[in-house]
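Notes for the one structure printed next.
Just so it is clear, none of the values below were taken in a lab; they were calculated from the coordinates. These figures come from a predicted structure and were not determined experimentally. Neighbour counts are summed over all protein chains in view; Cβ atoms, including those assigned to glycine, are modelled from backbone coordinates with ideal geometry.
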Amino acid sequence: MRKICLFTSTRAEWGLLQGLAHLIQQSNELQLQLLVSGTHLSKKHGRTIQEIEADGFSIDAQVDILQFTDSPTGICNTMGKALSGYGEALSKLNPDLLVILGDRYESFCVAATAQILRIPIAHIHGGETTEGAVDEAFRHSITKMSHLHFPSCETYRNRIIQLGEHPSTVFNVGALGLENIRKIKLMNKEELSTSIHFNLDRPFFLVTFHPVTLEKATSGEQFDQLLCALEHFPNHAIIFTKANADTDGQIINDRIDTYTAQHSDRCLGVTSLGLQRYLSAMKICDAVVGNSSSGILETPAFEVPTVNIGDRQKGRIRTQSIIDCEPHQDAIITALQQALDPQFKASLQNQIHPCEQPNTAAQIVEKIQNAHLNHLLKKSFYDLKG
């Protein structure tokens with residue numbers, strides 16, 4: 001059987017990969033391996049490896065890398081530990097193919113490791129742009145180290161080809177996150193409220209804000225501007241999901257803890273909701289607020305407005321439900337008012353999402369099942385004609 005190793009280092013990434021992992025696990029021709037790292041193993045970030053195990057999966061390798069600070073130097077130290085740990089893990093697992101999703105520094109490190117070990121890579125969600133994050137460069141670097149590519153729409157497929165990847169290895173399969181929305185049984189408001197032990201008898205915002213890692217030391221200031229804006233909507237509850245392990249992520253998480261303690265009657269802060277609860281909250285809330293990619297990619301499928309703050313997601317394809325604004329109090333207030341406007345919400349019905357296709361996970365499984373992996377390592381730069 002062909003051994004397929006899925007790499008995951010964050011709650012968000014696993015939420016997208018979960019359905020694909022189930023299909024690989026069920027295949028008669030593929031053997032699933034799971035390499036788990038990053039915030040999954042961190043108690044401070046919710047130790048979400050437990051969610052993976054609760055989904056019925058066995059973990060084949062764990063690499064704990066988060067033993068340093070989230071300063072730029074600390075992240076560099078983390079990357080060094082990751083390269084060493086991933087090298088040992090992949091040497092033992094010896095997969096036929098490594099599957100990586102996205103653009104984080106952990107993903108870059110495992111891709112670089114596989115490159116040295118001559119393990120072919122399948123990359124999901126390549127070709128996208130996030131101009132406000134260091135992930136922008138990591139994503140395109142992973143593309144150049146990968147051999148099979150699964151972008152979420154034709155625009156992103158063309159960008160991968162523009163980077164020199166042969167068109168025969170680049171497959172527009174749609175977005176796994178959108179497929180999850182159509183397949184997972186979601187909770188109603190009462191079920192969600194009971195599950196998270198938080199009263200949802202009033203409308204609420206779902207807020208996720210990550211550091212803008214290409215800007216220097218702006219995380220605290222920008223998040224303070226968001227909190228000031230939220231003060232103008234006292235009739236709304238707020239569910240905060242905490243930041244990931246990026247530079248200055250702890251600054252945001254400390255502010256969430258302080259703010260929710262001061263407003264415990266209407267605010268909840270969580271390290272991880274888990275996929276079902278997160279999507280359920282997304283469907284029920286009045287608006288998704290912050291700068292998470294989920295606000296750009298998954299939220300529009302629910303016809304729920306997204307208030308996207310600042311430049312972290314700049315460059316991604318957008319639907320009409322996304323309201324972009326500057327990271328300043330007045331701009332955020334104006335954007336939230338637009339999101340709550342009944343006419344604006346009515347205009348979102350039946351919008352077409354450019355990244356949605358049927359059977360996304362099944363398409364990926366079919367391609368990795370039938371790819372001639374021995375030939376993938378002998379690839380050349382594909383030059384555009386004209």
| query | On full extension of the chain, what length is gained from residue 23 through residue 44, given 0.36 nm per residue of separation minus the C-alpha to C-alpha distance? | reply | 4.5 nm
| task | At 7 Å along the Cα-to-beta-carbon direction for both residue 118 and residue 163, put a label point, then send me their distance in nm to one decimal. | result | 2.4
| remark: Per GNM of the chain with C-alpha springs under 10 angstrom, the most fluctuating residue out of 203, 120, 234 is 234
| Could you give the dipole magnitude of the chain about its Cα centre, charging the beta-carbon of Lys and Arg +1 and that of Asp and Glu -1, in debye to the nearest 20? | 1020
| query | Using a Förster distance of 41 Å, how high is the FRET efficiency between residue 91 and residue 350, based on the Cβ-Cβ distance and rounded to 0.05? | reply | 0.20
| said: If you average the C-alpha positions of the stretch 5-29 and of the stretch 224-300 separately, how far apart do those two centres end up, in angstrom? | reply: 26
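If I stretch the segment between residue 73 and residue 366 completely, what's the gain in nm (0.36 nm per residue apart, minus their alpha carbon distance), one decimal?
Values: separation 293, 0.36 × 293 = 105.48 nm, distance 4.12 nm.
Once the chain is fully extended between residue 73 and residue 366, it gains 101.4 nm.
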| Hydrodynamic radius by Kirkwood, which averages 1/r over all alpha carbon pairs of the chain, in angstrom | 21.3
| message | Could you list 11, 157 so that the one with the fewest beta carbons within 10 Å of its beta carbon is first and the one with the most is last? | response | 157, 11
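Applying 1/(1 + (r/R0)^6) with R0 = 30 Å to the Cβ-Cβ distance of residue 381 and residue 198, what FRET efficiency is obtained, to the nearest 0.05?
Numbers: r = 52 Å, r/R0 = 1.75.
Result of the calculation: an efficiency of 0.05.
Let's test the formula: R0 of 25 Å, r as the Cβ-Cβ distance of residue 1 and residue 84. What FRET efficiency results, to the nearest 0.05? Don't jump to the answer; show the numbers that get you there.
Numbers: r = 29 Å, r/R0 = 1.15.
Here the calculated transfer efficiency is 0.30.
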| the stretch 185-201 - phi-based ³J(HN,Hα) in whole Hz, Karplus 6.51/-1.76/1.60, Gly and Pro as x | 6, 9, 8, 7, 4, 5, 5, 5, 4, 5, 5, 9, 6, 9, 6, 10, 7
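Could you work out the percent of alpha carbon pairs in the stretch 235-326 separated by over 17 Å, rounded to a whole number? Mind dumping the intermediate values first?
Working: 2221 of 4186 pairs.
In whole percent, the share of Cα-Cα pairs in the stretch 235-326 beyond 17 Å is 53.
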| message | Please compare each pair in 43/81; 189/345; 183/314; 242/283 to a cut-off of 24 Å on the Cα-Cα distance and tell me which ones are over it. | response | 183/314
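Using packing as a proxy for protection, rank 34-40, 94-100 so that the peptide with the highest average count of other Cβ atoms within 10 Å comes first.
Numbers: 34-40: 25.7, 94-100: 22.4.
Final packing ranking: 34-40, 94-100.
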| remark: Out of 353, 123, 210, a Gaussian network model of the chain with alpha-carbon springs under 10 Å gives the largest mean-square fluctuation to 353
| request: Show the residues, 5+ positions off or on another chain, whose built amide H is closer than 5 Å to the amide H of residue 165. | output: 382
| Set of aspartates and glutamates near residue 385 by C-alpha distance (under 17 Å), chain-local residues within fewer than 8 positions excluded | 165
| request: Rounded to whole Å and sorted largest first, list the principal axis extents of the Cα atoms in the stretch 187-346. | output: 41, 34, 29
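Starting from 0.36 nm per residue, how many nanometres of slack lie between residue 59 and residue 338 once their C-alpha separation is accounted for? Present the calculation step by step, with values, prior to reporting the outcome.
Details: separation 279, 0.36 × 279 = 100.44 nm, distance 4.47 nm.
Length gained between residue 59 and residue 338: 96.0 nm.
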| field | Most mobile listed residue (184, 52, 364) in the chain, GNM with C-alpha springs under 10 Å | value | 184
